[in-house]
Amino acid sequence: MAAQSADNSKKSAVSTFFNALGKGLKDIGVIFVEGDIKTKLSYIIFGLGPILRGQILTGVAMLLCEGLFIWFMASFGWQYLSKLSTLGTIATKKVGRKTVYGDNSFLILLFGVLCIFAIIAIIAVWYMNIRENRKEELLLKNGKKLPSNKEVFLSLFDKNFDKTLLALPVTGVFVFTVLPIVFMILVAFTNYDKNHQSPTNLFTWVGLENFKNIVSFSGAGIGSTFIQVLLWTLVWAFLATFTNYFLGLAVAMLINKKGIKFKKLWRTILVLTIAVPQFVSLLYVMKMFANDGLINGYLIKWGIIKTYIPFWTDPMLARITIIIVNIWIGIPYMMLIATGLLMNIPEDLYESARIDGANPWQMFRSITLPYMLFVTGPFLLTQFTGNLNNFNVIYLLTQGKPQSVNLAEKAGNTDLLITWLYKMTVNDTNYRMAAVIGIMVFVVTAVISLVVYNMLPSVRDEEGFQ
Amino acid sequence: MKSYKTKRTISNALGYIVLIIISIIWLFPFVGLVLQSFRSYATEYGGMVDYLVPKHFSLDNYKFLFDAGQTNYILWYKNTITIAFFVTLLQTIVILCVSYALSRMRFTGRTFLMRFWLILGMFPGFLTMICLYFLLKQFGLTQAGAIPGLILVSVASSGMGYYVCKGYFDTIPKALDEAARIDGATRARIFFTMIIPMSKPIIIYTALVAFMAPWCDYVFASYVAFGHDSSYNVAVGMTRWVWTNDYQGYFTRFCAGGVLVAIPVTLLFMFLQKYYVEGVTGGAVKG
């Protein structure tokens with residue numbers, strides 16, 4: 001049912017998009033035919049109509065956009081955009097003792113993408129400019145006055161305040177998130193790696209080769225490594241999320257229990273792991289469990305073991321230790337959240353259950369747990385996706401080690417996709433595969449989020465627990 | 001009746017025992033950190049040992065940290081505070097602006113923007129590291145200029161973290177806005193004189209989260225400041241002490257440095273804990 005409705009909404013979103021597009025194209029034609037000379041000229045010189053009609057502020061802003069675009073493309077953008085299809089053909093050479101730099105594939109790709117965005121943006125401005133002309137024409141035809149420049153400016157703090165507020169944040173996200181992500185998605189279709197480093201070497205488009213590599217199980221393919229790392233990532237995210245959830249809930253209930261005193265003290269002790277920066281606490285714990293660390297030291301001294309326990313160097317043990325340390329780090333979050341929520345459960349529910357002779361376990365199973373799962377469904381989902389990408393815990397504890405000969409591309413036994421990606425980028429400069437892994441992480445996260453989100457009781461049935 | 005009472009006492013006693021065990025486990029690493037930071041570098045080994053309590057207490061490690069001739073620790077500390085300060089200030093402003101616009105105003109592309117940012121958030125952050133590094137390099141904001149570069153990157157993308165704050169704004173009744181608008185107040189005025197003063201808890205939460213993050217930023221900071229010792233933050237500098245094997249003797253110094261980092265951040269957190277709890281609980285329930 002949920003899937004079907006999602007499907008419908010997707011279909012309708014697509015059809016709305018094409019309807020809007022068709023309407024926009026029609027508008028452009030109609031406005032040109034019906035418009036006066038000022039409007040017609042504005043099709044080439046942005047904002048000319050508004051300027052001639054006295055809307056200096058709007059007109060000049062649009063004209064500036066056009067000027068900026070032309071300047072950008074002519075002085076800078078075109079040389080990169082024109083080479084985007086090949087990513088450069090002139091290699092860097094050594095002539096005598098001098099290096100003659102050729103094309104820089106990295107720059108071509110990056111600024112080529114930027115150019116494409118600039119073109120999309122200028123088309124949007126062009127369309128806005130046409131609509132603005134139409135609006136002014138209609139207003140004048142109906143004998144109304146156009147808003148003064150001052151009014152237009154002041155609307156930025158009232159009716160159009162959203163534009164003022166969002167301008168910088170949206171630009172920031174665009175330059176430092178959208179542009180890099182698009183760039184890296186495109187890198188996944190190139191052969192940009194340590195043998196093709198710009199500016200000394202060129203790299204070029206290779207189509208789906210990298211994606212084939214990640215699902216190929218023979219020869220040099222890294223398919224089996226990818227599957228193993230992916231599986232461990234999923235197992236880790238599942239265990240990390242649910243151990244923290246249930247143990248955190250248990251601790252919260254224990255502290256909330258009626259007879260227990262010094263509630264604040266217990267909570268404060270637990271919250272220490274949130275307060276202390278993770279790189280301090282995790283690195284210290286890492287050293288504590290090291291082969292020559294405190295734990296092994298004491299166990300040997302007390303004669304409990306003869307040789308050290310390889311907490312970090314044995315693959316299986318390392319995984320278990322990571323999950324245990326993660327409990328230490330993660331319980332306090334859940335404890336804090338659960339504490340507040342547990343108090344929201346009406347006391348009479350428990351009261352009547354007790355009268356009916358329910359034991360604590362039954363009360364937990366039929367009152368506390370359903371309520372908590374219902375309320376914290378979305379939180380569990382974000383925790384899960386957060387754990388899929390939980391870089392800090394893994395990297396500060398093991399850096400993905402111990403290494404394994406069975407895994408390709410220097411993946412270690414405790415590597416998550418995200419730490420593997422990081423190592424590929426930083427240690428091996430294998431950007432092409434790192435980009436593919438990044439896309440895979442996105443796919444996994446998106447699929448899980450979408451599927452689980454539609455299954456959540458609090459989403460399907462918002463009124464359920466009222 | 002009596003059996004009920006004894007049962008209760010036993011279950012409470014069990015509860016206390018469990019809590020005490022938990023407390024010991026939770027506190028042990030921190031106690032160890034503090035104790036080992038006082039181990040004398042001169043008379044005992046500075047690396048890993050198999051005992052907790054040092055034989056001689058000394059301030060050697062702390063003296064080392066403050067000796068500018070031997071280490072840049074003080075500089076790293078200053079760098080981190082600079083980053084944390086500016087990120088806190090700017091990120092809070094950005095998040096408040098975005099949250100207000102998304103919570104109170106209805107404009108074309110609003111739902112599109114929210115969905116688009118949600119999808120963007122599913123891409124792993126490190127994917128874009130080399131691209132960001134390169135962008136920063138174009139402006140000279142790597143290596144020597146890493147500090148402003150890190151601030152820029154953290155602040156630029158912070159608009160996407162509006163969820164908790166917007167959730168809070170959504171709970172402020174819209175009727176208040178409408179009443180003010182009838183009285184002739186502009187949107188900007190409502191934002192600055194009504195919404196912001198009413199949002200103290202969420203502002204503190206946002207600022208606190210923003211302040212804590214730069215102290216742990218190892219990944220991107222180490223990439224941007226690579227090889228340029230004086231632009232490290234504490235996380236990068238001290239992580240290198242622990243990982244590089246030549247630095248084995250630096251373990252107790254790491255402990256001392258860790259204590260100095262942990263104390264102010266922990267105190268601040270404990271002091272503002274109430275707001276933090278409010279923020280995470282609200283965020284968790286709304287998702």
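The values are calculated or read from the model by the stated rules, or taken from the named source; none is laboratory data. Since the model is a prediction, treat every value here as computed from it, not as a measurement. Counting neighbours? That spans all protein chains shown, and the Cβs are built from the backbone with ideal geometry, glycine included. All accessible areas refer to the heavy atoms of the entire protein, side chains included, with ligands and DNA or RNA removed. Shrake-Rupley method; radii C 1.70, N 1.55, O 1.52, S 1.80 Å.
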B:K55: which lysines have alpha carbons under 24 Å from its alpha carbon, excluding same-chain residues fewer than 8 sequence positions away?
A:K287, A:K301, B:K63
Kindly report, to the nearest 10 Å², the accessible surface of B:Y45 as traced by a 1.4 Å probe over protein heavy atoms only.
120
With a 10 Å cut-off between alpha carbons and a GNM built on chain B, which of B:G140, B:G249, B:G69 moves the most?
B:G69
Taking the alpha-carbon set of region B:2-64, what are its Rg and Dmax in Å?
19.7, 63
Determine the share of the protein assembly as shown's accessible area contributed by carbon and sulfur atoms, expressed in whole percent, with a 1.4 angstrom probe.
68
Run the dipole for the protein assembly as shown about the Cα centre, Lys and Arg Cβ at +1, Asp and Glu Cβ at -1, nothing else charged, and hand back the magnitude in debye, nearest 20.
580
Scattering profile of region B:195-287 from the Debye formula, Cα beads only, expressed as log10 I(q)/I(0) at q = 0.23 Å⁻¹, is -1.12
Pull up the cross-link candidates among the lysines for B:K166, meaning alpha carbon to alpha carbon under 16 Å and not fewer than 8 places away within one chain.
B:K174, B:K200, B:K286
Heads up, I need the accessible area for A:D314: 1.4 angstrom probe, whole protein in place, Å², nearest 10.
60
What percentages make up the Cα-Cα pair-distance distribution of chain A when the bins are 20 Å wide from 0?
16, 37, 34, 12, 1
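Given contacts defined as C-alpha pairs under 8 Å and at least six residues apart, what's the relative contact order of chain B, whole-number percent? The partial results should precede the final answer.
Numbers: 273 pairs, mean separation 86.0, N = 287.
This gives 30 percent for chain B.
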Over chain B, with a Gaussian network built from C-alpha contacts below 10 Å, which listed residue (B:F271, B:F211, B:F226) shows the highest mean-square fluctuation?
B:F271
Judged on accessible area alone, 1.4 Å probe, highest first, A:R267, B:R39 line up as A:R267, B:R39
Along region B:142-149, what does the Karplus equation 6.51 cos²θ - 1.76 cosθ + 1.60 (θ = phi - 60°) give for ³J(HN,Hα), rounded to whole Hz, x for Gly and Pro?
10, 6, 5, x, 5, 5, x, x
Once both label points are put 7 Å beyond Cα along the C-beta direction, the B:Y45-A:F262 separation in nm becomes 3.6
Between A:V393, A:A290, A:W236, whose Cα lies farthest towards the positive end of the dipole of region A:223-460 when Lys and Arg beta carbons carry +1 and Asp and Glu beta carbons carry -1, centred on the Cα centre?
A:A290
So for region B:2-64, averaging the separation of alpha carbon pairs under 8 Å that are six or more residues apart and normalising by length, what relative contact order in percent results?
29
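Other chains near A:178-185: what is the mean number of their Cβ atoms within 10 Å of each residue's Cβ?
Working: counts 6, 4, 12, 8, 2, 7, 7, 2.
Mean partner-chain Cβ count within 10 Å for A:178-185: 6.
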Using a Cα-Cα cut-off of under 26 Å, which lysines could be cross-linked to A:K194, ignoring same-chain neighbours fewer than 8 residues away?
A:K83, A:K93, A:K94, A:K98, A:K212, A:K401, A:K410, A:K423, B:K137
Cα centroids of region A:394-454 and region A:271-291: how far apart, whole angstrom?
23
In region A:166-245, chymotrypsin sites (Phe, Trp or Tyr not before Pro) in a DSSP loop with at most 15 other beta-carbon atoms within 10 Å
A:F217
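Compute the relative contact order of region A:223-460 as a whole-number percentage, counting only Cα pairs closer than 8 Å that sit 6 or more residues apart in sequence. Walk me through the intermediate numbers first.
Values: 230 pairs, mean separation 62.5, N = 238.
For region A:223-460, the relative contact order is 26 percent.
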Could you report the buried accessible area between A and B, both sides summed, computed with a 1.4 Å probe and given in Å² to the nearest 100?
8200
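Pick out, in residue order, every one of the trypsin sites (Lys or Arg not before Pro) in region A:80-185 that is DSSP loop and has at most 16 other C-beta atoms within 10 Å; say none if there are none. Please list the in-between numbers first.
Numbers: sites: A:K83, A:K93, A:K94, A:R97, A:K98, A:R131, A:R134, A:K135, A:K141, A:K144, A:K145, A:K150, A:K159, A:K163; in loops: A:K83, A:R97, A:K144, A:K145, A:K159.
Within region A:80-185, the qualifying trypsin sites (Lys or Arg not before Pro) (loop, at most 16 other Cβ atoms within 10 Å) are A:R97, A:K144, A:K145, A:K159.
Only Lys, Arg, Asp and Glu count, each charged at its Cβ (+1, +1, -1, -1), so figure out the dipole size of region B:140-287 about its Cα centre, rounded to 20 debye. Before the final figure, lay out each step's value.
Numbers: 10 positive and 8 negative charges, 54 e Å.
The calculation lands at about 260 debye.
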Taking GluC sites (Glu not before Pro) as candidate sites, keep only those in a DSSP loop with at most 11 other Cβ atoms within 10 Å, then name the longest stretch of chain A containing none of them.
A:1-461
Could you tell me the distance between the Cα centroids of region B:100-135 and region B:141-194, to the nearest Å?
15
Set Lys and Arg Cβ to +1 and Asp and Glu Cβ to -1, take the dipole of region B:71-286 about its Cα centre, and tell me which of B:I172, B:M198, B:F269 lies farthest positive.
B:I172
Per-residue HN-Hα couplings for region A:411-424, Karplus 6.51 cos²θ - 1.76 cosθ + 1.60 at θ = phi - 60°, whole Hz, x for Gly and Pro?
6, x, 5, 9, 5, 8, 4, 6, 6, 5, 4, 4, 5, 4
Choice from B:T108, B:T43, B:T80 showing the highest fluctuation, given a GNM over chain B with Cα pairs closer than 10 Å
B:T108
Region A:269-307: chymotrypsin sites (Phe, Trp or Tyr not before Pro) falling in loop per DSSP and having at most 13 other Cβ within 10 Å
A:W302
Spatial separation of Cα centroids for region A:120-178 and region A:299-368, in angstrom:
54
For region B:71-286, build the charge dipole from Cβ charges (+1 Lys, Arg; -1 Asp, Glu) around the Cα centre, then report which of B:G283, B:I151, B:S103 sits farthest towards its positive end.
B:S103
Between A:V95 and A:T429, what's the calculated FRET efficiency when r is the beta-carbon distance and R0 is 41 Å? Round to 0.05.
0.95
Lys, Arg +1 and Asp, Glu -1 on Cβ, resulting dipole of region A:35-207 about Cα centre, debye, nearest 20:
280
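I'd like the FRET efficiency for A:F217 and B:I119, computed as 1/(1 + (r/R0)^6) with the beta carbon distance as r and R0 of 25 Å, rounded to 0.05.
Details: r = 31 Å, r/R0 = 1.23.
E(calc), rounded to 0.05, equals 0.25.
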Projected label distance in nm at A:K135 and A:T204, using a 7 Å step from Cα toward the beta-carbon
4.9
What number, rounded to the nearest 500 deg cm²/dmol, is the helix-based mean residue ellipticity at 222 nm of chain B, given -39500 (n - 2.57) per DSSP H run of at least four residues and division by all its residues?
-22000 deg cm²/dmol
Quick check: with the 1.4 Å probe, what order do A:M73, A:M455, B:M129, B:M198 take by accessible area, largest first?
A:M455, B:M198, A:M73, B:M129
Given a Förster distance of 60 Å, the FRET efficiency implied by the Cβ-Cβ spacing of A:L146 and B:Y16, rounded to the nearest 0.05, works out to 0.20
